[in-house]
């Protein structure tokens, strides 16, 4: 079993439609596209816009997430196209 180094990961709070809050870990090598992929695969969000540090980003941005973090922590606000989006309670 390998031990993670102190700064191998980024801790991210994801806030969906100002209603749901979830915590996720990303690798320091992950990009904004990884965030969109997680939103699609885990949270079943097909179309959305994310906001990090007053920057609105689309899924075409391939910047590393670490560049938008402060001390390996970030908050991502997700706005879905579906205003009636409900997050399944079993998704943590």
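Count, please, the residues in segment 44-60 that happen to be surrounded by 15 or more Cβ atoms within 10 Å (Cβ to Cβ) and outside any strand (DSSP E or B). Looking only at that region, the number is 2.
Can you work out which of the residues in segment 61-71 that are assigned to a loop (DSSP other than H, G, I, E, B) and surrounded by 14 or more Cβ atoms within 10 Å (Cβ to Cβ) is modelled with the lowest pLDDT? Full working, then the answer.
So the first thing to find is which residues in segment 61-71 are assigned to a loop (DSSP other than H, G, I, E, B), and the list is 61-63, 69, 71.
Subsequent filtering for residues that are surrounded by 14 or more Cβ atoms within 10 Å (Cβ to Cβ) retains 61, 69.
Details: 61: 85, 69: 93.
My answer is 61.
Would a scan of segment 1-12 turn up a residue that is at pLDDT 95 or above and either closer than 22 Å to residue 85 by Cβ or not in a strand (DSSP E or B) (or both)?
yes
Close Cβ contacts (under 9 Å, 6 or more residues apart or on different chains) running from residues in segment 23-35 that are under 15 Å from residue 58 (Cα atoms) to residues that are part of a helix (DSSP H, G or I) comprise 31/65; 32/65; 32/68; 34/65; 35/65.
The values are calculated or read from the model by the stated rules, or taken from the named source; none is laboratory data. Values in this document were obtained by computation on a predicted structure and should not be read as measured data. A quick note on method: Cβ atoms are made from the backbone with ideal geometry, for glycine too, and the neighbour counts reach across all protein chains shown.
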